[in-house]
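See below for the structure under consideration.
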Amino acid sequence: MKTTPSEALTTLSTIRDYIRWAASRFTEAEVSFGHGTTTALDEAAALVLHTIHQPYNLADTYLQSVLTLSERQAVIDIIDRRINERIPAAYLTHEAIFAGLSFYVDQRVLVPRSPIAELIEQRFSPWVEEDQVVRILDLCTGSGCIAIACAYAFADAYVDAVDLSADALAVAELNVAKHQLVDVVTLYQSDLFKELPDTRYDIIVSNPPYVSLEEWEQLPVEFRAEPDMGFKGGHSGLDIVLRILVEAGQYLTEQGILIVEVGSSAETLQNAFPDVPFFWLNFERGGDGVFLLTAEQLSQYNELFLTAL
């Protein structure tokens, strides 16, 4: 039987109670996930714990702690907003966790959730030698999460981060300052490579817009709350990806690598270039649609990419 918010305020008491109640409400309301959590229970736990200022890895013994009336009301209010407004939880909390790091987010940027986080935590092993990485480029940086995580992973490297959106760069600037990396991470407002200095990178990594227009029109409401500029990759989903494939080789060192997330457009890309040896990366924590090409491979197939562009 459904428990109303007013009933929840008086009949529920512990952290565990409110996580369970919120999960039930999310399931009943058929909210969509995919912005850092994949289940109603995980999303409920994230929102409840954030609202009462507790860590996401709070020990189970504390879940029986009784909430004050003001805490209960705050939890009820944020759960109501998540259901009624249908926006990602990270926009309500203004926080997203990526590669174990906390980032400020709002509706000017996509919510960080790329499986590339796992690659960064592994320092892109075995594809590069950690102590040989001097410069890294993050294209379509959004909140700056990939660039900043790379700066942590490669303590001796410098990171350039690019986005066309001034709004996104404003958020990225907040995050660079938050992580005290202003001397390491440099932000550029640029249409991909256009405004970059004449330099070469050991790693170019990108999570660009790659959603086809047809797929975009079918996305759940929660995804429509994010800036569509971060999604739309043209009719096929590959408009930006093709430009990266054509131009990236000019900015990589001889031993450099290009890593790009293309998500649901992976099959379209592979079918468009059946002879290109895209290396599709696997992830222990889930996720797919991320390829790797070396500088040598980009040079070898550059004419093919140019023809498609």
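Is it fair to say D160 is under 21 Å from the mean Cα position of the chain (by Cα), open to solvent by less than 60 Å² (accessible area, probe 1.4 Å) and within 20 Å of V262 (Cα to Cα)? I'd like the intermediate steps shown before the answer.
On the way: under 21 Å from the mean Cα position of the chain (by Cα): yes; open to solvent by less than 60 Å² (accessible area, probe 1.4 Å): yes; within 20 Å of V262 (Cα to Cα): no.
No, not satisfied.
Scan segment 208-218 and tell me whether some residue there is in contact with an Asp or Glu (Cβ under 9 Å, 6 or more places away or on another chain) and small (G, A, S).
There is no residue in segment 208-218 that is in contact with an Asp or Glu (Cβ under 9 Å, 6 or more places away or on another chain) and small (G, A, S).
Considering segment 64-95 alone, what residues qualify as being of a type in the set (S, T, N, Q) and free of Cβ contacts under 8 Å to residues at least 40 places away in the same chain? Please lay out each step first, then the result.
Step one: filter segment 64-95 for residues of a type in the set (S, T, N, Q), giving 64-65, 68, 70, 73, 84, 93.
Matches in segment 64-95: T68, S70, N84.
Please determine, by comparing only the residues of segment 131-150 that are out of contact with any helix residue (DSSP H, G or I) (no Cβ under 8 Å at 6 or more places or on another chain) and part of a helix (DSSP H, G or I), which one is surrounded by the most Cβ atoms within 10 Å (Cβ to Cβ).
Q132
Out of all the residues in segment 179-212, which are open to solvent by 60 Å² or more (accessible area, probe 1.4 Å) and in contact with a helix residue (DSSP H, G or I) (Cβ under 7 Å, 6 or more places away or on another chain)?
Within segment 179-212, V182, Q189, R200 meet the criteria.
Could you grab the pairs with beta carbons closer than 8 Å, sequence gap of 6+ or different chains, first residue in segment 117-135 and of a type in the set (D, E), second one not in a loop (DSSP other than H, G, I, E, B)?
Qualifying pairs under 8 Å: E121/A149; E121/A153.
Within segment 158-211, which residues are closer than 25 Å to D131 by Cα and aromatic (F, W, Y)?
Result: Y158, Y201.
If I ask for residues that are on the phi > 0 side of the Ramachandran plot and either surrounded by 19 or more Cβ atoms within 10 Å (Cβ to Cβ) or among the acidic types (D, E) (or both), which ones from segment 69-111 would you list? First the steps, then the outcome.
Going residue by residue through segment 69-111, those that are on the phi > 0 side of the Ramachandran plot are 86, 94, 99-100.
Within segment 69-111, just A99 meets the criteria.
Quick one: in segment 239-260, of everything that is over 15 Å from V162 (Cβ atoms) and in contact with a Ser or Thr (Cβ under 6 Å, 6 or more places away or on another chain), which residue is least open to solvent (accessible area, probe 1.4 Å)?
I257
For I116, indicate whether it is open to solvent by less than 20 Å² (accessible area, probe 1.4 Å), among the β-branched types (V, I, T) and under 20 Å from F33 (Cα atoms). Steps first, answer last, please.
Details: open to solvent by less than 20 Å² (accessible area, probe 1.4 Å): yes; among the β-branched types (V, I, T): yes; under 20 Å from F33 (Cα atoms): yes.
Spelling it out, I116 is indeed open to solvent by less than 20 Å² (accessible area, probe 1.4 Å), among the β-branched types (V, I, T) and under 20 Å from F33 (Cα atoms).
Consider segment 48-63. How many of its residues are free of Cβ contacts under 8 Å to residues at least 24 places away in the same chain, in a loop (DSSP other than H, G, I, E, B) and polar (S, T, N, Q)?
Counting residues in segment 48-63 that are free of Cβ contacts under 8 Å to residues at least 24 places away in the same chain, in a loop (DSSP other than H, G, I, E, B) and polar (S, T, N, Q) gives 1.
The values are calculated or read from the model by the stated rules, or taken from the named source; none is laboratory data. No experiment lies behind these values; they were computed from the predicted model shown. Because the Cβ atoms are built from the backbone with ideal geometry, glycine has one as well, and the counts that use them run over all protein chains shown. Only protein heavy atoms, including side chains, enter the accessible area calculation; ligands, DNA and RNA are left aside. Shrake-Rupley method; radii C 1.70, N 1.55, O 1.52, S 1.80 Å.
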